[in-house]
Amino acid sequence: MARGPRKTIEEKISAKQELIDALMTRVESEKRELEDLYQEKKRKELEAVSDLIQDSGMKPEEVAAVLQQYLSERSA
């Protein structure tokens with residue numbers, strides 16, 4: 001049974017290039033979505049830290065000084 005006309009090599013190349021282009025577009029889209037998720041995670045983490053600072057009644061400068069002291073002692 002005949003299956004229809006065969007594709008030329010140029011048609012096969014063109015089809016593959018179109019597929020690759022579509023996949024590259026998809027990859028870039030997925031990368032942007034991943035970056036958005038990382039940014040959202042960072043924002044939530046910073047909000048949690050900000051809430052903790054606010055609940056403690058300390059000023060951000062005081063918290064920074066305490067953290068710096070902790071890091072200095074930890075590395076010693």
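The values are calculated or read from the model by the stated rules, or taken from the named source; none is laboratory data. Since we're looking at a predicted model, the values are computed, not measured. Neighbour counts run over all protein chains shown; Cβ positions are idealised from the backbone, glycine included. Surface areas here come from the heavy atoms of the whole protein model, side chains and all, with no ligands, DNA or RNA. Shrake-Rupley method; radii C 1.70, N 1.55, O 1.52, S 1.80 Å.
What to note about this one:
- When the range 33-76 is limited to residues that are of a type in the set (Lys, Arg) and assigned to a helix (DSSP H, G or I), the one that is surrounded by the fewest Cβ atoms within 10 Å (Cβ to Cβ) turns out to be ARG74.
- Checking each residue in the range 1-32 for being of a type outside the set (S, T, N, Q) and open to solvent by less than 100 Å² (accessible area, probe 1.4 Å) picks out GLY4, GLU11, ALA15, LEU19, ILE20, ASP21, ALA22, LEU23, VAL27, GLU28, GLU30.
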